[in-house]
Amino acid sequence: MTKDVYIVDAVRTPVGRYGGALAGVRPDDLAAHVLRALLDRTPALDPARIDDVILGNANGAGEENRDVARMAALLAGVPVTVPGVTVNRLCGSGMEAVIQAYRAVAVGDASVVLAGGVESMSRAPWVLPKPDRAYPAGHQQLHSTTLGWRMVNPRMPAEWTVSLGEGAELVAEKHGIGREAQDAYALASHAKAAEAWATGAFDAEVVSVAAEFVPVGGAGGGPGTLLDRDESVRADTSLAALARLKPVFRPDGTVTAGNASPLNDGASALLITDAAGLRATGREPLARITASAVSGIEPQYFGLGPVDAARRALTRAGRTFGDLATLELNEAFAAQALGCLAEWPELDPAVVNPYGGAIALGHPLGSSGSRLAGTVAHQLAARGSGTGLATLCIGVGQGLALVLER
């Protein structure tokens, strides 16, 4: 028999723009910040009771390369006896970390787990492959690790290795989603996010980042706040402004920088326990985790990965789309989000992303999945009851989903 699994608390940093306020902060420091915030907000919990720290990260090629979960735990002051593991399911890495924590607690392998994710796309390095033969005389190519495919295996079919943006164009074609619909969706995302910030909807989950995290010689470096709200939200954008942007991936395409998620930096984390761990925190939980699911799809249609994952997770939880009080769907692209909604005709779109989505809030890859889970948990706590779903698409053709109850 499995145990009930509780989300006691969930925090995230504000999401920084690429090259923005958080560009000078190492990813291990970002991750340590949210872990420390969870512990500071739960003073009754003895950190030695933590059984594991599980963090997602999509890149793993830079300052987070040496098992960022373990490094972040040490930097956060967690006892050295507490282990840490880093998982990679690309854009779903943060949610994968939450799901692995959920499973460990449910089967009794753990009682208290810190789970989340981190990404600094600003600080992602260039990498140089080793040459095929020693001492090459010619120039060598550096590959950016910020986003997408690099050093692709030539055995992969070409249609599977298209860019993420081209994949969004394919979804738009499949569902007949035009430029106007995508821009309107993006505008709504920014409007909802701006309203959420104005009304304090994120106050319970966002922990500002202090300037002390910036290395000596970087921007900031002194006391004070480096970033206290999401940096990519554009409250002043308009349909006219979005319409002026040129397509990025096809000359005659529909996907632009305005109707796609930006490149970002950020971290998020959740405190996950069983009943005994919950008692040790002395707190009331935000929500319970009741089901999860993963699905696969043709890589070029990765954006539709959430479609089956969400259905499977709801079925396992004994719920339907009609039961949902809220659904957080990661907006990698407006075309991708609209494509998923088109395949969920029974879903009321009014419950989707009530505080805006990644087009406005940002998409720091390894953190986004745990950010979605934490946002759903806080929404359910604010409501007092209900069922919520968090789901997102994943590059190379996967989807993840998580069902929460309050």
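Over the chain, what is the mean sequence separation of C-alpha contacts under 8 Å (at least six apart), divided by residue count, expressed as relative contact order in percent?
Contact order relative to length: 28 percent.
First compute the accessible area of segment 53-173 with a 1.4 Å probe, then give the percent of it belonging to carbon and sulfur atoms.
Here it works out to 55 percent.
Can you pull the Rg over Rh of segment 288-375, Cα-only, Kirkwood?
Result for segment 288-375 is an Rg/Rh of 0.92.
For a quick check: with amide H placed at 1.01 Å from N, whose amide H comes under 5 Å from residue 84's, ignoring anything fewer than 5 positions away on the same chain?
Under 5 Å from the amide H of residue 84: 53.
Mind listing the phi-derived Karplus ³J(HN,Hα) values for segment 2-9, rounded to whole Hz, using 6.51, -1.76 and 1.60 with θ = phi - 60°, and x for any glycine or proline?
Result, ordered by residue: 8, 8, 5, 10, 10, 9, 7, 7 Hz.
Which residue, 95, 151, 121, has the most motion in a Gaussian network model of the chain that connects Cα atoms within less than 10 Å?
Its mean-square fluctuation being the largest, the pick is 151.
Can you give me the Cα centroid spacing of segment 1-79 and segment 285-319 in angstrom?
24
If you roll a 1.4 angstrom probe over the protein chains with everything in place, what fraction of the accessible area of segment 272-406 belongs to carbon and sulfur, to the nearest %?
48
Have a look at 303, 84, 117 and tell me which one the Gaussian network model of the chain (Cα, springs below 10 Å) gives the largest fluctuation.
Among 303, 84, 117, the largest GNM mean-square fluctuation belongs to 84.
Return the long-range amide H neighbours of residue 264 (sequence gap of 5 or more, or a different chain), with a cut-off of under 5 Å between placed amide H atoms.
Amide H neighbours of residue 264, under 5 Å, 5+ apart: 121, 363, 365.
Quick one: which residues, 5 or more positions from residue 394 or on another chain, have an amide H under 5 Å from its amide H? H modelled 1.01 Å from N in the peptide plane, none for Pro or chain starts.
Residues meeting the criterion, in which the H sits 1.01 Å from N, are 305.
What list of ³J(HN,Hα) couplings, whole Hz, do you get for segment 152-169 from phi and the Karplus terms 6.51, -1.76, 1.60, once you set θ to phi - 60° and write x for glycine and proline?
3J(HN,Hα) across segment 152-169, in whole Hz: 5, 5, x, 7, 5, x, 4, 5, 7, 10, 5, 5, 4, x, 5, x, 5, 4.
May I ask you to evaluate 6.51 cos²θ - 1.76 cosθ + 1.60, the Karplus curve with θ = phi - 60°, for each residue of segment 195-211 and list the ³J(HN,Hα) values in order in whole Hz, giving x for glycine and proline?
For segment 195-211, the Karplus curve yields 5, 4, 5, 5, 9, x, 5, 9, 4, 6, 10, 8, 10, 5, 9, 7, 5 Hz.
What is the sum of charges around residue 83, taking Lys and Arg as +1, Asp and Glu as -1, for the other residues whose C-beta is under 9 Å from the C-beta of residue 83?
-1
Putting +1 on Lys and Arg Cβ atoms and -1 on Asp and Glu Cβ atoms, find which of 314, 334, 354 reaches farthest to the positive end of the dipole of segment 307-406.
314
What net charge is computed for the residues neighbouring residue 302, neighbours being all others with C-beta under 13 Å from the C-beta of residue 302, Lys and Arg scored +1, Asp and Glu -1?
That sum, taken over residues with Cβ under 13 Å, equals -3.
Quick one: accessible area per residue over the chain, 1.4 Å probe, rounded to a whole number of Å²?
Roughly 41 Å² per residue, with all protein chains present.
What is the distance in Å between the Cα centroid of segment 322-387 and that of segment 129-208?
Centre-to-centre (Cα) distance: 18 Å.
Could you pull the Cα extents of segment 30-187 along its three principal axes, largest to smallest, in whole Å?
Result for segment 30-187: principal-axis Cα extents of 53, 53, 30 Å.
Please find, in a Gaussian network model of the chain (springs between Cα atoms separated by less than 10 Å), the residue of 254, 273, 225 whose mean-square fluctuation is greatest.
The residue that fluctuates most here is 225.
Please report the antiparallel percentage of DSSP beta bridges with both residues in the chain, rounded to the nearest 5.
Here the antiparallel bridges make up roughly 70 percent for the chain.
The values are calculated or read from the model by the stated rules, or taken from the named source; none is laboratory data. These numbers were taken from a predicted model, which means no experiment stands behind them. Note that each Cβ is placed from the backbone with ideal geometry, even for glycine, and that neighbours are counted across all protein chains shown. Surface areas here come from the heavy atoms of the whole protein model, side chains and all, with no ligands, DNA or RNA. Shrake-Rupley method; radii C 1.70, N 1.55, O 1.52, S 1.80 Å.
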